[in-house]
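Participant: Below is a structure I'd like to ask you about.
The values are calculated or read from the model by the stated rules, or taken from the named source; none is laboratory data. Predicted model, so just to flag it, every value in this text is computed and none were measured. Heads up, the Cβs are rebuilt from the backbone with ideal geometry, glycines too, and the neighbour counts pull from every protein chain shown. The accessibility values were calculated without ligands, DNA or RNA, using every heavy atom of the protein model including side chains. Shrake-Rupley method; radii C 1.70, N 1.55, O 1.52, S 1.80 Å.
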Amino acid sequence: MTDKLKQPPGDLAIWIFICAELSVFAVFFAAYAFTRAKHVELFNQYQQTLNTNYALINTLALITSSYFVVRAVAAIREGSQRGCARWLLAAIAMGALFLVVKSMEYQHHFSHGVTLSTNTFYMFYISLTFFHFMHVIMGMVILAAVALKARRGAYTADRHTGVETGASYWHMVDLVWIILFPLVYVMR
Amino acid sequence: MPMTPQTAQGKAFIRPCTVIYLLLMALTLVTWALGKFNAQIGLPAMTLSMTVLGIAMLKGHLIGDFFMGLRRVRGPWRWVVTLWLLLPASLITLAFMQAGQ
């Protein structure tokens with residue numbers, strides 16, 4: 001059995017940041033759930049206007065992107081810089097798919113006159129999902145920077161903390177959506 | 001004990017992370033199907049909600065352990081994702097129980 005690590009993969013600073021981000025999302029989720037408890041009818045009624053097929057595609061896209069990131073980390077651990085960059089680009093493509101599908105979803109709602117002030121459900125739906133949307137963009141920028149450095153040969157099988165740091169952030173983005181999807185789209 | 005099928009050379013031909021990925025995809029489809037077809041399935045709302053929340057917690061735990069690599073970490077960091085999952089899940093459960101009363 002291999003020795004266990006004292007610290008999680010990647011820079012410890014990113015894990016402090018991840019904890020902060022996860023705490024904010026936990027507060028958001030709790031606020032959604034407790035507000036819903038006071039407006040159950042309203043939340044159940046407007047939840048039905050959401051497209052769960054789009055949410056399914058987005059969940060599959062984010063999980064697939066996370067898997068690609070895992071393969072990128074495995075590739076650099078095996079010393080394959082080009083392999084690492086390729087897996088990261090594939091992950092970014094999945095992130096882009098998420099953004100396109102989410103934008104289509106927003107477009108549908110906005111074209112029907114939905115805004116933040118339409119009602120409490122839409123206020124939570126838009127703000128929660130858009131906050132997450134911004135994190136996806138941020139994650140894609142980080143993955144792109146890491147992919148570029150990997151392609152230039154900045155990481156090796158022994159020295160690849162940057163890849164693990166970017167990977168940890170991206171998995172956090174996935175993790176948040178894993179709770180957001182059932183909470184906003186399915187639970188009633 | 002190896003958790004993946006082995007080739008004749010003894011090397012795994014499917015990585016553990018690929019098995020976890022396929023499991024995550026399957027659990028996602030189950031969550032979606034429960035939401036989409038609940039009118040036909042007929043689960044009470046609370047049962048549906050707690051089932052999909054439980055599935056989400058399992059998925060989150062798998063992501064933390066296998067994708068983020070926390071199963072290879074000792075000490076408090078080992079449990080950071082699991083503890084985080086428990087926090088919103090407990091509050092969400094409490095809120096849904098409150099809503100059901």
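Participant: Once Lys and Arg get +1 and Asp and Glu get -1 on their Cβ, which of A:V69, A:C19, A:S103 lies farthest toward the positive end of the dipole of the range A:12-186?
Facilitator: Checked the options; the winner is A:V69.
Participant: Moving on to the next point. Chains B and A: how much accessible area gets covered up at their contact, both sides added, probe 1.4 Å, in Å² to the nearest hundred? Display every interim value, and only then the final one.
Facilitator: Details: alone 7500 and 10140 Å², together 13320 Å².
Rounded to the nearest hundred, the buried surface is 4300 Å².
Participant: Averaged across A:50-60, how many Cβ atoms of other chains sit within 10 Å of each residue's Cβ atom?
Facilitator: Working: counts 1, 0, 5, 2, 0, 4, 7, 1, 0, 8, 5.
For this peptide, the per-residue mean of nearby foreign Cβ atoms is 3.
Participant: For the protein assembly as shown, compute Rg over Rh where Rg is the Cα radius of gyration and Rh is the Kirkwood radius from the inverse mean 1/r over Cα pairs. Could the numbers behind the result be given before it?
Facilitator: Working: Rg = 19.4 Å, Rh = 19.8 Å.
Using Cα coordinates only, the ratio equals 0.98.
Participant: Over the range A:14-165, with the other protein chains present, what is the accessible area per residue in square angstrom, probe 1.4 angstrom? Each step should come with its number before you reach the end.
Facilitator: Working: 6760 Å² over 152 residues.
I get 44 Å² per residue for this part.
Participant: Using the Cα centre of the protein assembly as shown as the reference point, and only Cβ charges (+1 on K/R, -1 on D/E), how large is the resulting charge dipole? Debye, rounded to the nearest 20. Kindly include the intermediate steps, with their values, before the conclusion.
Facilitator: Values: 22 positive and 10 negative charges, 138 e Å.
Computed about the Cα centre, the dipole is about 660 debye.
Participant: Of the residues B:F66, B:F37, B:F13, which exhibits the maximal mean-square fluctuation in a Gaussian network model of chain B defined by a 10 Å Cα contact cut-off?
Facilitator: Of the options given, B:F13 has the highest mean-square fluctuation.
Participant: Quantify how strongly other chains surround peptide A:9-19 by giving the mean number of their Cβ atoms within 10 Å of each of its Cβ atoms.
Facilitator: Numbers: counts 6, 2, 0, 1, 0, 0, 3, 0, 0, 4, 5.
Per residue, the number of nearby Cβ atoms from other chains is 2 on average.
Participant: Still on this structure: Taking square-rooted eigenvalues a ≥ b ≥ c of the alpha carbon gyration tensor, is chain B rounded, prolate or oblate, where a/c under 1.5 means rounded and, failing that, a/b exceeding b/c means prolate? Could the numbers behind the result be given before it?
Facilitator: Values: a/c = 4.38, a/b = 1.55, b/c = 2.83.
Cα axes put chain B in the oblate bin.
Participant: Note the angle between two axes, namely the Cα long axis of helix B:45-62 and the longest principal axis of the Cα atoms of chain B, as a number of degrees from 0 to 90, rounded to the nearest 10.
Facilitator: Here the helix axis deviates by roughly 20 degrees.
Participant: Quantify how strongly other chains surround peptide A:71-84 by giving the mean number of their Cβ atoms within 10 Å of each of its Cβ atoms. All intermediate terms of the calculation are to be shown ahead of the outcome.
Facilitator: On the way: counts 4, 0, 3, 2, 0, 0, 0, 0, 0, 0, 0, 0, 0, 0.
That works out to 1 on average.
Participant: Here's a follow-up. If one takes the longest principal axis of the Cα atoms in chain A, at what angle in degrees, from 0 to 90 and to the nearest 10, does the Cα axis of helix A:12-38 lie?
Facilitator: The angle comes out at about 10 degrees.
Participant: For the range A:25-121, with equal point scatterers placed on the C-alpha atoms only and solvent neglected, what are the log10 I(q)/I(0) values from the Debye formula at q = 0.17 1/Å, to two decimals?
Facilitator: The Cα Debye sum returns log10 ratios of -0.87.
Participant: Counting only residues 5 or more places away or on other chains, whose amide H sits under 5 Å from the amide H of A:L5 once H atoms are built in the peptide plane?
Facilitator: Answer set, sorted by chain and number: B:V73, B:R74.
Participant: Nearest 20 debye, what's the magnitude of the dipole of the range A:1-69 about its Cα centre given +1 on Lys and Arg Cβ and -1 on Asp and Glu Cβ?
Facilitator: Details: 4 positive and 4 negative charges, 29 e Å.
Result for the range A:1-69 is approximately 140 debye, rounded to the nearest 20.
Participant: Moving to a separate point now. Using a Gaussian network model of chain A whose springs link C-alpha atoms within less than 10 Å, name the residue from A:A61, A:A72, A:A157 with the highest mean-square fluctuation.
Facilitator: Highest fluctuation among the options: A:A157.
Participant: Quick one: net charge around A:A145, please, counting Lys, Arg +1 and Asp, Glu -1 for every other residue with C-beta under 13 Å from its C-beta. Intermediate values should be presented prior to the final figure.
Facilitator: Details: positive: A:K149, A:R151, A:R152; negative: none.
Counting the neighbours of A:A145, the net charge comes to +3.
Participant: Taking the Cβ of B:T31 as the centre, find all other residues whose Cβ is under 14 Å away and add up their charges (Lys, Arg: +1; Asp, Glu: -1).
Facilitator: Numbers: positive: A:R188, B:K36, B:K59; negative: none.
After counting each charged neighbour, the total is +3.
Participant: Here is a further query. How many percent of the accessible area of chain A is carbon or sulfur, using a 1.4 Å probe? Please list the in-between numbers first.
Facilitator: Values: 4930 of 7980 Å².
It is 62 percent, rounded to a whole number.
Participant: Can you pull the percent of the range B:27-101's accessible area that's carbon plus sulfur, 1.4 Å probe, other chains left in place? Show your work: numbers first, answer last.
Facilitator: Values: 2440 of 3510 Å².
Carbon and sulfur: 69 percent of the exposed surface of the range B:27-101.
Participant: Compute the angle between helix A:120-151 and the longest alpha-carbon principal axis of chain A, please, reported from 0 to 90 degrees and rounded to the nearest 10.
Facilitator: 10
Participant: So for the range B:16-100, averaging the separation of alpha carbon pairs under 8 Å that are six or more residues apart and normalising by length, what relative contact order in percent results?
Facilitator: Working: 39 pairs, mean separation 24.2, N = 85.
Dividing the mean separation by the residue count of the range B:16-100 yields 28 percent.
Participant: What do you get for chymotrypsin sites (Phe, Trp or Tyr not before Pro) in the range A:61-157 restricted to DSSP loop and a cutoff of at most 11 other Cβ within 10 Å of the site's Cβ?
Facilitator: The qualifying sites: there are none.
Participant: Given contacts defined as C-alpha pairs under 8 Å and at least six residues apart, what's the relative contact order of chain A, whole-number percent?
Facilitator: Relative contact order here is 35 percent.
Participant: For the range A:1-103, calculate the relative contact order in percent as a whole number, restricting contacts to Cα pairs under 8 Å that are 6 or more residues apart. Display every interim value, and only then the final one.
Facilitator: Working: 49 pairs, mean separation 24.2, N = 103.
Computed value for the range A:1-103: 23 percent relative contact order.
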